[in-house]
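The block underneath contains the structure these notes are about, expressed in structure tokens.
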Amino acid sequence: MGRGAGNCTTELLLSFLKNPKYDLRPVLDAIQELFLPLRDKYEWGYIIPQMITGMLNRHPQDAIAIRKTPEKDMYRKFYDHMMND
């Protein structure tokens, strides 16, 4: 559920391990049944403005703020703003 840089999702970690004792199916079921409804209500996950602030070693407050505006998906404009700020 983390949205900032450095968080590793459980499903990616399990798929990377490729160990037969780890079963990805229950994790996928939980994502589908529990987390998808929550994602519709609360935004999280991989969000480009969050990536940009993390990449620039900036506090995510600017990314959080832009996500509340009509320009929330204007990634290049946000990137240019962060680079020139």
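Read-outs throughout are calculated quantities, based only on the coordinates presented, and are distinct from any laboratory measurement. Fair warning: this is a prediction, and the values are worked out from it, not measured in the lab. FYI the Cβ positions are ideal-geometry reconstructions off the backbone, even for glycines, and counts take in every protein chain you see.
Considering Cα pairs under 8 angstrom that are at least six residues apart, work out the relative contact order of the chain and quote it in whole percent.
30
Can you work out ³J(HN,Hα) from phi for every residue in the range 16-29, in order, using Karplus 6.51 cos²θ - 1.76 cosθ + 1.60 and θ = phi - 60°, giving whole Hz and x for Gly and Pro?
Along the range 16-29, the couplings run 5, 5, 6, 9, x, 6, 9, 9, 6, 4, x, 5, 4, 4 Hz.
So if each residue of separation counts as 0.36 nm, and I subtract the Cα-Cα distance between T9 and Q32, what length gain in nm does that give?
Length gained, T9 through Q32: 6.9 nm.
Rank the residues H81, H59 as a footprinting-exposure proxy: fewest other Cβ atoms within 10 Å of their Cβ go first.
H59, H81
For n ≥ 4 DSSP H runs only, could you compute -39500 (n - 2.57) per run for the chain, divide by its residues and tell me the 222 nm figure to the nearest 500?
Calculated at 222 nm, the ellipticity per residue is -13500 deg cm²/dmol.
For a footprinting-style exposure proxy, rank F35, F78 by other Cβ within 10 Å, fewest first.
By the 10 Å Cβ count, ascending, the order reads F35, F78.
Which value, in debye to the nearest 20, describes the size of the charge dipole of the chain about its Cα centre when Lys and Arg Cβ atoms bear +1, Asp and Glu Cβ atoms bear -1, and nothing else is charged?
Rounded to the nearest 20 debye, it is 100 debye.
Which option, (1) 1.33; (2) 1.17; (3) 1.37, is the value of Cα Rg over 2.2 N^0.38 Å that was calculated from these coordinates?
For Cα Rg over 2.2 N^0.38 Å, the calculated option is (1).
Within the chain, what's the longest run with no trypsin sites (Lys or Arg not before Pro) in a DSSP loop and at most 12 other beta-carbon atoms within 10 Å? Give the range, please.
22-67
Against the longest alpha carbon principal axis of the chain, how many degrees, from 0 to 90 and to the nearest 10, is the axis of helix 75-84 turned?
60
Give the cross-link partners of K72 among the lysines, using a straight C-alpha distance below 24 Å as the criterion and excluding same-chain residues fewer than 8 apart.
Correct list for K72: K41.
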